[in-house]
Amino acid sequence: MSDPEELKARIEAILFSAGKPVPLNLMMRICGTRSKKRVLSAIEELKKHYQDNSKALELIELPGNRYLLKLRGEYMELVKKILKKPILSRGVMRTLSFIAYHQPIEQSKVAEARGGAAYKHIKILLEKGFIEAERSGRTLILKTSPLFAELYGVENNPSAIKRRLRAEIEKMEETKSASASG
């Protein structure tokens with residue numbers, strides 16, 4: 001791949017189609033190049049292009065040399081109206097909420113509380129970039145990622161995330177009791 005414009009187009013197509021963070025080495029493989037420098041240069045040009053020319057999309061870098069093309073936060077509410085399928089199933093969302101509330105937490109404790117399907121949920125959450133895992137002995141320690149914090153609109157701090165979740169739970173309980181009494 002010698003044409004830099006074609007390389008950028010391929011990277012953009014990969015990121016657009018993936019819908020989840022894509023590791024740099026996978027992008028290099030798909031684009032058929034071994035030049036990390038050329039791919040990183042193309043990614044930086046695309047990032048700058050989205051910063052300068054796009055109001056709705058942004059290209060972000062995540063830990064572990066992973067990249068994501070995503071909708072800016074201010075447009076999430078707008079597109080929720082046309083999305084037919086939620087990004088995460090109810091079970092996966094509950095597992096994510098449990099991890100967010102109790103982070104950092106051992107994978108085994110999540111499985112203990114959420115059941116055996118939690119291992120599958122954790123795998124999905126790791127693939128989508130919503131959580132991060134750090135090995136500790138024979139288990140993994142799980143916590144939310146910067147992507148989760150950005151999408152949720154809260155700083156990437158366990159205390160802030162816990163406060164936000166508590167507020168959401170209280171709001172849901174108020175809505176439930178108001179509809180039950182009305």
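The values are calculated or read from the model by the stated rules, or taken from the named source; none is laboratory data. Owing to the predicted nature of the structure, the values given are computational and were not obtained by experimental measurement. Cβ sites come from the backbone with ideal geometry, for glycine too, and all protein chains shown count toward neighbours.
Annotations
- Among the residues listed as Leu40, Leu71, Leu83, the single one being under 27 Å from Leu126 (Cβ atoms), loosely packed, with under 11 Cβ neighbours inside 10 Å, free of Cβ contacts under 8 Å to residues at least 60 places away in the same chain and not assigned by TED's automatic domain parsing to the domain that holds Glu155: Leu83
- Only a single item in (1) in contact with a strand residue (DSSP E or B) (Cβ under 9 Å, 6 or more places away or on another chain); (2) β-branched (Val, Ile, Thr); (3) at pLDDT 90 or above is not met by Val79, and it is number (3).
- Just one of the numbered conditions (1) in the same structural domain as Pro21 (by TED's automatic domain parsing); (2) over 25 Å from Arg163 (Cβ atoms); (3) exposed (fewer than 13 other Cβ atoms within 10 Å of the Cβ) is not true of Pro63: (2).
- Test result for Glu174, at pLDDT below 85, surrounded by 10 or more Cβ atoms within 10 Å (Cβ to Cβ) and within 30 Å of Met27 (Cα to Cα): no
- Residue satisfying condition, being at pLDDT below 85 and either surrounded by fewer than 18 Cβ atoms within 10 Å (Cβ to Cβ) or in contact with a Lys or Arg (Cβ under 8 Å, 6 or more places away or on another chain) (or both), within set Ile169, Ile99, Ile131, Ile141: Ile169
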